[in-house]
Amino acid sequence: MLQTRVSYCEEKFRKPITNRIKRMREEVVSSKPILCSERALLVTEAYKETENEPMIIRRAKAFEKVLKNMTIEIWDDELIVGNHGGNGRRSAPVFPEWGTYWLEKELDEILESRKQDRFIVPQKVKEDLKSIFPYWKGKTVYERYRAMLPEETKRIRDAYIFTRDLFERGGYGHAAYDTPKVLKVGFKGIKEEVQERLRKLEKTNAKDQEKRLFYEAVLITSDAAIHFAHRFSEKAKFLAKKETNEVRKRELEKIAEVCAWVPENPARDFWEAVQVAWFLQLLVQIESNGNSVSPGRLDQYLYPYFKKDLEEGRLTIEQAQELLDCFWLKLNEIIKVWDKEATRVHPGFPMTQDVTIGGQTPDGFDATNELSYLMLNAQEHIRLQNPQFTVRIHKNTPDDFLMRVAEVVRFGTGMPAMFGDEICIPAIIRTTGVPLDRARDYRIVGCAELTPRGLQGRANGAYFNVARVVDLALNDGVDRLTGEKIGLSTGDPTKFKTFNEVIDAVKKQMAYFIEHNVTNNLIVDMVQRELTPHVFLSSIIEGCIEKGRDITWGGSLYGVTPTQPVGMATAADSLTAVKKLVFDEKKLTMAELKEALDSNFEGVRGEEIRQMLLKAPKYGNDDDEADFMVKKFTDIFFDELEKHRDIDGRPYATLILTLGSTVPHGWRTGATADGRKAKTPVSDSMSPTNGADKNGPTAVLKSASKIDQIRTMQGNILNLKFNRSILEDERALRKFALMIRTYLVDLKGLEVQVNVVDSKTLRDAQKHPEKYKDLIIRVAGYSARFVELAKEMQDDIIARTEHEAL
Amino acid sequence: MEKSLLSKSGIIFDIQRYSIHDGPGIRTIVFIKGCPLKCPWCANPESQKMTLEIMYSKNLCSLCKRCIEVCSSNALKEVNGRIKVDRELCRVCGKCCQVCLMDARKIVGKRVTVDEVLSVVEKDRIFYERSGGGITLSGGEPLMQPEFSAALLAACKDKGLHTVIETSGYQKWELLWPVIINTDLVLLDIKIMDSSLHKEVIGVPNELILDNAKRISESGKEIIIRIPVIPGYNDSIDNLSNTAEFATKIGVKEIHLLPYHRLGESKYERLGRKYELKDIKVPSKEYLEHLVDRLQKYNLEIRIGG
Ligand code: SF4
Ligand code: SF4
């Protein structure tokens, strides 16, 4: 599939992968995740040396210590440099500041043997880490958070109605850091600005004294960043001297020159600009283990440098492509170690470092440029987990660009995900109040979080199991699996006379749990203020230097805290079934339903009831009866969530994204009234329940468009499954692109991403046909549900799919 | 619009949204049940009879026998690990389908009104508008229920929808024309040019089809000719050239070659019928391209697939 059959854009912007990139890609793919103790040791040392100093300075000095002493590497072939850990290409540093309790538990056995996200842990690393555990006892974010949590909130959190997961024991990452500024003024410029502000402070003003500490910390981290780059410059010089291959020698000399100049000074050319983008992305991730640190709109930030170099004949498109490919690969070196619980929610090392292309300029013009196309090439070349690659589509997105996007989607990585400006921009303005031009300059951070310039998301404000909230409303607040009372008493469900009573109970439970969720977040955020200011990140976020305040203290210009409803379709479909079967058609009593759910649909009657529930209308079929309930239900969630403000007094916003949390949340959820069995996964993100959508992709899109997506300002994710047969030829691909445009532009959908079904999925469908009722295979004048085909025919289609996979 | 139009009813066996291979743009296909021809390669055997039928998928069946218990006509038996229906006894009441927990039994066919079909077709209007799509009537054979098809297409035109029909053109002109008059594009299947061979393989001669094709074209309606390429039956260069020549003669500009596939095979089994073309191979891409090459000399657009 790699050959270029159709030219959707000028041929000169379609570039094949080079041998250098192939070699490097192979290196990255074949290196195994390994744990590295270097950062942990250095941070511990720094903390010990600074015990009498204010926390913000201690954080800056710890950062400095790491950058000055960590092992640095320049790998063979690479043009963009800067490594994350000191133990090989994919080595994960450790961040003891946020919690060591889990590492103590998992270090010896679990890390190397757990089901997913396993690490190699060398003996030396084990010993190193064990040597520092005693120091951190009682000093970490997680321990402080647990100690401060009110009892009732703790009980609910531990009953797993919601989990903030990683972010209860990790830093912040969801911030739109300001790459253009660093490109333009360098850290030298940032330092000058800070020194200027320092001079203007009033010594006798308490607030100004706080600012002084922040500014002094920024000076430390800025110098540390500059020095870090200089170390790479020295190393490159050293390697260049030894190098016998003339071509590589010159490359190393160039690297030395680049790193001697940036990020200290303003970038002078495209190479330097890409190197700056990488340094920023890397340094933020060395400072904290915050997730979803995102480079943002690289096709915009890098464009002036690209254009100038091209015009002045200093750069060829091939060279630019290679530098971008190098950047793409670099993102895949970043890897973090998390505890077992967190890997269940975030399986497969999702660093979700988002690069966003396309969209509009702050003036509202189409922003697509040559780099947007080159970045699509990079995605085609690299096809790994990172970046989390997204493209913004709006009413003036060029057709050939969208076609090229569709073509890259067809390769089957599920990327780029496609976002619709027509709703994203109004949603951003509605929630955060940023001005229009700033809203138009939004990027995606992480998986789906819409983030305008200067905004920090205190993500994630919890994976919140709404399927269970509905179930608790149908069971008087009693957990169906444990029999424990965890919710409010909202009335014996068998006594409900009208459906409205059900809805009232849902509203009350929802309000109750959201309140505790907000409390839980508040405690975490308080602890982060106290223990883990993010000085380096703050130095490159708009607002912090102006206000003299760290992001943990609300320094960024704008902010928001997202919360993720998990099991949306499960919850809403459950309500639809209850309304229809119990109250409208009276085919079932509440008592019968309760018995069936309590027993997980045991016995013949249980199974009959389950079938009735399964046959009730389901979200995802463009059926107003089911879709109306989804709209009503999501409104209940939005209404309750939007009542709250976060620690900085900023809004809460919905993010309909579940990642892997559908599985652990599913385990804790008994049988539900949509016919789902106990302990099985709840529904994913904003997608219909697996197998429930039977009317094809346009019906799914129509259903989704009935939700007030403007109220999902932090984003939503809608997955569509396609077999490759539907995207095969150019005409089919064009219709696909038009369908996407219709959803994003006309129906004002916020996001859609496409899974091109691979042979593995098809094999799973052979084994579990019940899960794949919606999987459709199409040819002209004929269609079939995959699961209904004979085994041999299924095998044949699997073989075809496999053949086309690469 | 006339009310009587909307209340006309017919039997269909499926409606499918996001159809992308049967006419321009994104379309909704309405599959009309019943067909006067009998092509042995038919990929939609459930479309052939105009009456309702029971379809059974062995690979979904758990052999729980709930269907057997509920059937008051005693039409069902378990034979060799599958549920066999005696189609003589079955009244197609659908009870067995309702109790089946595995979705293994289905009734194929449903009587619906024009209004009901229209309400489904309307749902994707926004996608038609962007992509230049609309409705496609397929089957079966839309001309088997000419009054229903005519009413449905008239109603669609009335609503400003683009209309396509996929047909073999085997119907009396008087009944055919009221359907075609509201059709924007006719996808006309011409399988075999030689009439006696046509009769031998498909059961009827083809003069009526060719004559209709000519008249439709003369009326100014756009036609695309579709040839299902069935190795050994109609893929001779002679047959294809004759078709192309005929197309040129009546003013058709485009021909689609639809390669034979066996995706329909398992449906025969589920309907309790026999698939006759066991030994035919699916034509390769190279072979199809070779056929296209051979037809280059006719001034036609030739495309593989729909
Ligand atoms: S009811 Fe369904 S699953 Fe059970 S034997 Fe009949 S066809 Fe098979
Ligand atoms: S459709 Fe009715 S008569 Fe026919 S097999 Fe099923 S239950 Fe028996």
Is it fair to say B:ILE181 is β-branched (Val, Ile, Thr), over 16 Å from the mean Cα position of the chain (by Cα) and at pLDDT 95 or above?
yes
Of all the residues that make up segment A:705-718, how many are in contact (Cβ under 8 Å) with a residue 40 or more places away in the chain and under 27 Å from A:ALA765 (Cβ atoms)?
2
Return the only residue of B:SER62, B:SER19, B:SER7 being closer than 23 Å to B:VAL112 by Cβ and out of contact with any Lys or Arg (no Cβ under 6 Å at 6 or more places or on another chain).
B:SER7
Quick one: in segment B:5-24, of everything that is more than 15 Å from B:GLU116 (Cβ to Cβ) and among the hydroxyl-bearing types (Ser, Thr, Tyr), which residue is farthest from the other protein chains (Cβ to nearest Cβ)?
B:SER19
Residue match in segment A:686-694 (condition: farther than 30 Å from B:PRO24 by Cβ, open to solvent by 10 Å² or more (accessible area, probe 1.4 Å) and away from chain B (no Cβ under 14 Å)):
yes
Taking segment A:720-734 as the region of interest, how many residues are of a type in the set (Lys, Arg) and touching a strand residue (DSSP E or B) at 6+ places or on another chain (Cβ under 8 Å)?
2
Against the definition (within 16 Å of ligand 1 (Cβ to nearest atom) and over 14 Å from B:SER138 (Cα atoms)), how does B:LEU60 come out, yes or no?
yes
Residue under question is B:GLU174, and the condition is that it be over 19 Å from B:GLY139 (Cβ atoms) and either modelled with pLDDT of 95 or more or outside any helix (DSSP H, G or I) (or both); does it hold?
yes
Scanning for something within 14 Å of chain A (Cβ to nearest Cβ) and surrounded by fewer than 21 Cβ atoms within 10 Å (Cβ to Cβ), does segment B:193-206 turn up at least one residue?
no
In the set A:LEU166, A:LEU149, the lone residue that is open to solvent by less than 20 Å² (accessible area, probe 1.4 Å) and modelled with pLDDT under 95 is A:LEU166
Hits in segment A:704-722 (condition: within 14 Å of another protein chain (Cβ to nearest Cβ), open to solvent by 10 Å² or more (accessible area, probe 1.4 Å) and part of a strand (DSSP E or B))
A:LYS721
Hey, can you tell me all the residues within segment A:129-163 that are under 23 Å from A:LEU488 (Cα atoms), outside any helix (DSSP H, G or I) and out of contact with any helix residue (DSSP H, G or I) (no Cβ under 8 Å at 6 or more places or on another chain)?
A:ALA159
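Yes/no matrix, rows are residues, columns are (1) open to solvent by 10 Å² or more (accessible area, probe 1.4 Å); (2) within 14 Å of chain A (Cβ to nearest Cβ); (3) over 30 Å from A:GLY749 (Cβ atoms); (4) within 16 Å of ligand 1 (Cβ to nearest atom):
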position	(1), (2), (3), (4)
B:VAL79	yes, no, yes, yes
B:ASP86	yes, no, yes, yes
B:ARG91	yes, no, yes, no
B:ARG111	yes, no, yes, no
B:VAL114	no, no, yes, no
B:GLU122	yes, yes, no, no
B:GLY140	yes, yes, yes, no
B:GLY160	yes, no, no, no
Please name all residue pairs, on different chains or six or more residues apart, with Cβ atoms under 6 Å, provided the first residue is in segment B:83-104 and is in contact (Cβ under 8 Å) with a residue 12 or more places away in the chain and the second residue is open to solvent by 40 Å² or more (accessible area, probe 1.4 Å) and within 8 Å of ligand 2 (Cβ to nearest atom).
B:GLY94/B:ILE107; B:LYS95/B:VAL70; B:CYS96/B:VAL70; B:CYS97/B:ILE107; B:VAL99/B:VAL70
Condition check: in the same structural domain as B:ILE192 (by TED's automatic domain parsing) and open to solvent by 20 Å² or more (accessible area, probe 1.4 Å). Does B:ARG262 satisfy that?
yes
Output yes when any residue across segment B:237-251 is touching a residue at least 24 places away in the same chain (Cβ under 8 Å) and within 14 Å of chain A (Cβ to nearest Cβ), and no when none is.
no
Please verify whether segment A:656-667 includes one or more residues that are among the β-branched types (Val, Ile, Thr) and open to solvent by less than 10 Å² (accessible area, probe 1.4 Å).
yes
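In this structure, does A:LYS184 turn out to be open to solvent by 10 Å² or more (accessible area, probe 1.4 Å), touching a Leu at 6+ places or on another chain (Cβ under 9 Å), in contact (Cβ under 8 Å) with a residue 40 or more places away in the chain and part of a helix (DSSP H, G or I)?
Considered against the rule, which asks whether it is open to solvent by 10 Å² or more (accessible area, probe 1.4 Å), touching a Leu at 6+ places or on another chain (Cβ under 9 Å), in contact (Cβ under 8 Å) with a residue 40 or more places away in the chain and part of a helix (DSSP H, G or I), A:LYS184 comes out as no.
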Restricting to segment B:60-77, count the residues that are surrounded by 15 or more Cβ atoms within 10 Å (Cβ to Cβ) and touching a strand residue (DSSP E or B) at 6+ places or on another chain (Cβ under 6 Å).
4
Condition first: in a helix (DSSP H, G or I), over 17 Å from A:ALA260 (Cβ atoms) and open to solvent by less than 60 Å² (accessible area, probe 1.4 Å). Now tell me which residues in segment A:235-249 satisfy that.
A:ARG248
One residue is enough: does segment B:30-43 have a residue meeting the conditions buried (at least 24 other Cβ atoms within 10 Å of the Cβ), β-branched (Val, Ile, Thr), away from ligand 1 (no atom under 16 Å from the Cβ) and part of a strand (DSSP E or B)?
yes
Considering (1) modelled with pLDDT of 90 or more; (2) away from ligand 2 (no atom under 16 Å from the Cβ); (3) among the aliphatic types (A, V, I, L, M), say which one B:LEU52 fails and leave the rest.
(2)
Kindly indicate which of A:LEU750, A:LEU775, A:LEU733, A:LEU744 is over 26 Å from the mean Cα position of the chain (by Cα), at pLDDT 75 or above, open to solvent by less than 10 Å² (accessible area, probe 1.4 Å) and more than 7 Å from chain B (Cβ to nearest Cβ).
A:LEU733
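The values are calculated or read from the model by the stated rules, or taken from the named source; none is laboratory data. On a predicted model such as this, the values are computed, not experimentally measured, just so you know. All Cβ positions, even for glycine, are placed from backbone atoms using ideal geometry, and neighbour counts span all protein chains on display. Each accessible area value is taken on the protein alone, full model and side chains, heavy atoms only, with ligands, DNA and RNA left out. Shrake-Rupley method; radii C 1.70, N 1.55, O 1.52, S 1.80 Å.
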